[in-house]
Structures are given as structure tokens and as C-alpha cells.
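Laboratory data are not the source of any read-out in this text; all were calculated from the coordinates shown. Here the structure is a predicted model, which means the values were calculated and not measured. FYI the Cβ positions are ideal-geometry reconstructions off the backbone, even for glycines, and counts take in every protein chain you see.
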Amino acid sequence: MNDPNPPTSEPGGDATTSQGVNWAVVAHLSALVGLLGIPSPVGPAVVWALKSDDPEVVAAAKEAVNFNISFFIYGIVAFLSLFVLIGFLLLPAVVIGWLILVAVAAVKTANGEAYRYPLTIRFIS
């Protein structure tokens, strides 16, 4: 008999792997809470706490936390450099780079690739 609620997964994959990939993508995209004024490392840290039993999600969340802490520091440095005028170039570059790299990480992770952000200080391993 057909199951009325079959698990959602990709062809050839199983439901848990598909869910793990989805949560890993959420770990990367959750950094966008930074656009709402919440520090961007909070989003991936929450996903990490919620899915601490899934090593794939934990790895993606740790990578996202490290990246967002790094870019938070870069943003502070760029903001402080506004006083010497170079910050007017640096701050937009940091923000645009952050947005682009979060999007790239989400797309690569959705395609099943483990993504490592460039320019990231590895605070958490």
C-alpha cells in the first residue's frame, strides 16, 4: 500500500541525509539575522544547538559561526577606519563580501558540498 506521507528526499538519497543538508543550509542562511540587528553568529549557533546530534549540521554551523565572528571583527575594523577615510571603501566591501559568501555557502551546501569560507579565523574547531 502507498504511504500517504512519504519522506521527502532526493532521488537515490534517504530522508535523513536530505534533512541534514537542509539544516546545514539553514545554518549558513541563519547568519542573515544580522540584517535584523541580531549579531550574525547567533543564527548558526542556534542551529548548532538545535541539531547537535547531526555531525553534518554541526560542521556547517561551526564553519558559519567562525566565519561570522571573523567578519564581525572585520566590520569593526572597517568601521573604526572610517575615521581615516579608508573605511568608506572597506565597510561596504566587508558587508557585500559577507552577503555574497553566505549565499555561496548556502548554494554549495545545498548541492551537497562541504563549504569552507575564505578569510575565516578558525576560533572553533
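Evaluate the following for Val47: is it out of contact with any Pro (no Cβ under 6 Å at 6 or more places or on another chain), over 17 Å from Ile124 (Cβ atoms), in a helix (DSSP H, G or I) and among the aliphatic types (A, V, I, L, M)?
Working: out of contact with any Pro (no Cβ under 6 Å at 6 or more places or on another chain): yes; over 17 Å from Ile124 (Cβ atoms): no; in a helix (DSSP H, G or I): yes; among the aliphatic types (A, V, I, L, M): yes.
Considered against the rule, which asks whether it is out of contact with any Pro (no Cβ under 6 Å at 6 or more places or on another chain), over 17 Å from Ile124 (Cβ atoms), in a helix (DSSP H, G or I) and among the aliphatic types (A, V, I, L, M), Val47 comes out as no.
The residue of the stretch 72-99 that is surrounded by the most Cβ atoms within 10 Å (Cβ to Cβ), among those that are touching a Leu at 6+ places or on another chain (Cβ under 8 Å), aromatic (Phe, Trp, Tyr) and without any contact (Cβ under 8 Å) to a residue 24 or more places away in the chain, is Phe79. Just give me the residues in the stretch 100-119 being part of a helix (DSSP H, G or I), under 14 Å from Ala64 (Cα atoms) and in contact (Cβ under 8 Å) with a residue 60 or more places away in the chain, in sequence order. Answer for the stretch 100-119, where residues must be part of a helix (DSSP H, G or I), under 14 Å from Ala64 (Cα atoms) and in contact (Cβ under 8 Å) with a residue 60 or more places away in the chain: Val102, Ala105, Ala106, Thr109. Taking the condition surrounded by fewer than 18 Cβ atoms within 10 Å (Cβ to Cβ) and closer than 13 Å to Trp23 by Cα, does Ala110 pass? So Ala110 fits the description; yes.
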